[in-house]
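Participant: I am attaching a structure below and will ask some questions about it afterwards.
The values are calculated or read from the model by the stated rules, or taken from the named source; none is laboratory data. It should be emphasised that the depicted structure is a prediction, and the values quoted were computed from it without experimental measurement. Methodologically, a virtual Cβ is constructed for each residue, glycine included, from the backbone with ideal geometry; neighbour enumeration extends over all protein chains shown. The protein model used for the area step is the full one, side chains on, heavy atoms only, and it has no ligands, DNA or RNA in it. Shrake-Rupley method; radii C 1.70, N 1.55, O 1.52, S 1.80 Å.
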Amino acid sequence: MTEELCLLSALEQAAALRRGDVSARELLRAHLDRIERLNPVVNAIVTLVPDRAMAEARAADERLARGEEVGPLHGLPMAHKDTHLTAGIRTTFGSPALAEHVPDDDDLVVERLRAAGAITLGKTNVPEFGAGSHTFNPVFGATRNPYDPTRSAGGSSGGAAAALACGLQSLADGSDMGGSLRNPAAFCNVVGLRPSPGRVPSWPGEAAWSTMTVQGPMGRTVADTALALSVLAGPDDRSPIALSEPGSSFAGPLSSDLTGLRVAWSPDLGGAVPVDPEVREAVAAQVPVFERLGCLVAEDCPDFAGAEEVFRTLRAWQFERALGGLVDRSPELVKPALRWNVACGRRLSGPDVGRAEALHTALYHRVREFFARYDVLLLPVSQVAPFDASAEYPTEIDGVAQETYLDWMRSCYFVSAAGNPALSVPAGFTAGGLPVGLQIVGRHRADLQVLRVGHAYERATGHGARRPAFAALTRAQTD
């Protein structure tokens, strides 16, 4: 029974809690038992606070028993991404420099999730400072893919995605600059949304005007992801780019009629990126699904010219600002890829940043004009299937060399540069049983439409219902 309970959708768990079919303490115990069995294999949750969580669950049960109003996430266990500040709980960013760091305050996303009734379990694993789409760091080691523990779980929200896939938590929070919500969702057969910039306000932070990095939700279903977004979204005057639309806009049922929807799809971003043949084949196989749902589908893609320079320049500038001081003080505490990124930022001139901003603007308008002809764009999430967890990154895709730890993420970060909302939804498996994700990109700020399209597609395919072989994971722990 506890196996089934942990793998119910968050919406189903929330309904069971409100009906009194299960208590918050019972739901938490079921998750803690599951964490004890499965987490040693996947290494998804790296800091666990069971006593604090049980105290929160007890208080949640007492509020419900008194007839008090409870939030939409009442009693749902969640571990927060280890780049999100959690008051009183170690937050390491996967870095030896912050291995014992305990913040005094919560990030805004954590604050909102807790206010909505979520029970804090602990923290989920990340790459060092969230850099790269493969989750490993010198503090906690690598997170393993639940479908094959020899493979990567993606990143930087890799711990979050693996924990969701294994039923170790009900929902997850994450963040995304170059694919950190989408890639791990695709690798772990769950759902991840990169929201429009400002949809989920961020605080604290030193680059409050930046639109490249966003925070957002993950779930085992699209509807669960929308539930989390309904809590995370909405205005806050601590964020200067926060959108005014309330989070409640995402709380209702997701309609599923796609008749007449104008859909563009591209297996390789218009030939701009190499894609592994198995991934290409899996994504192409989803096109007839949309046709059967009544969509008008054409192979087409925006012109992503300039996206590479935009992303690389603004990323390097941001990493130098955030990590330059640490690199100067203690370079031995920073992995080589990050030192390289900081060095790239230090080589930038003012005109370099100015050119990137001009290209950024031109890219936005080209993509905006493209979406005057289409409602959504379908793309592969990742250009590869989950790769060997012992590798830092894929060095080759379909015969094309990938020179840096960023190159293989272009299918995600070109979309980041354009600023559009993008959903990663399960799209099937390779012949070897590794998950593949479909990226559904919407027009500017059309987050709700992206979720609705993803929900209809998910209902038509059921790819996300295929969970890992948990018995094999349990055996892997004992072997």
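Participant: Could you give every pair whose Cβ atoms fall below 9 Å, whose first residue belongs to the stretch 151-171 and is open to solvent by 10 Å² or more (accessible area, probe 1.4 Å), and whose second residue is not in a helix (DSSP H, G or I), counting only separations of at least 6 or pairs across chains?
Facilitator: Filtered contacts from the stretch 151-171: Arg151/Arg144; Arg151/Asn145; Arg151/Ala385; Arg151/Pro386; Arg151/Phe387; Arg151/Asp388; Arg151/Ala389; Arg151/Leu434.
Participant: List the pairs whose first member sits in the stretch 383-412 and is assigned to a strand (DSSP E or B), whose second member is open to solvent by 50 Å² or more (accessible area, probe 1.4 Å), and whose Cβ atoms are under 7 Å apart, counting only residues at least 6 apart or on separate chains?
Facilitator: Matching pairs, first to second residue: Asp388/Thr150; Asp388/Arg151; Ala401/Thr395.
Participant: If you scan the stretch 109-150, which residues turn out to be farther than 26 Å from Gly432 by Cα, surrounded by fewer than 23 Cβ atoms within 10 Å (Cβ to Cβ) and in contact with a strand residue (DSSP E or B) (Cβ under 6 Å, 6 or more places away or on another chain)?
Facilitator: Phe140
Participant: Taking Thr47, is it buried (at least 24 other Cβ atoms within 10 Å of the Cβ) and either farther than 30 Å from His134 by Cβ or under 24 Å from the mean Cα position of the chain (by Cα) (or both)?
Facilitator: Judged against the criteria, Thr47 is not a match.
Participant: Tell me whether the stretch 232-240 contains one or more residues that are more than 24 Å from the chain's Cα centre (by Cα) and either farther than 30 Å from Thr430 by Cβ or not aromatic (Phe, Trp, Tyr) (or both).
Facilitator: Yes, some residue in the stretch 232-240 is more than 24 Å from the chain's Cα centre (by Cα) and either farther than 30 Å from Thr430 by Cβ or not aromatic (Phe, Trp, Tyr) (or both).
Each row is one residue, and each column tells you yes or no for (1) open to solvent by 10 Å² or more (accessible area, probe 1.4 Å); (2) at positive phi; (3) not aromatic (Phe, Trp, Tyr).
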{"residue": "Arg366", "(1), (2), (3)": "yes, no, yes"}
{"residue": "Arg373", "(1), (2), (3)": "yes, no, yes"}
{"residue": "Glu403", "(1), (2), (3)": "yes, no, yes"}
{"residue": "Ala417", "(1), (2), (3)": "no, no, yes"}
{"residue": "Phe429", "(1), (2), (3)": "yes, no, no"}
{"residue": "Ala446", "(1), (2), (3)": "yes, no, yes"}
{"residue": "Val453", "(1), (2), (3)": "no, no, yes"}
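Participant: Can you tell me which residue in the stretch 54-108 is most open to solvent (accessible area, probe 1.4 Å), limited to those that are without any contact (Cβ under 8 Å) to a residue 12 or more places away in the chain and more than 24 Å from Asn125 (Cα to Cα)?
Facilitator: Filtering first and then ranking leaves Glu69.
Participant: Among the listed residues Asp176, Asp106, identify the single one that is of a type in the set (Asp, Glu), out of contact with any Lys or Arg (no Cβ under 6 Å at 6 or more places or on another chain) and at pLDDT 95 or above.
Facilitator: Asp106
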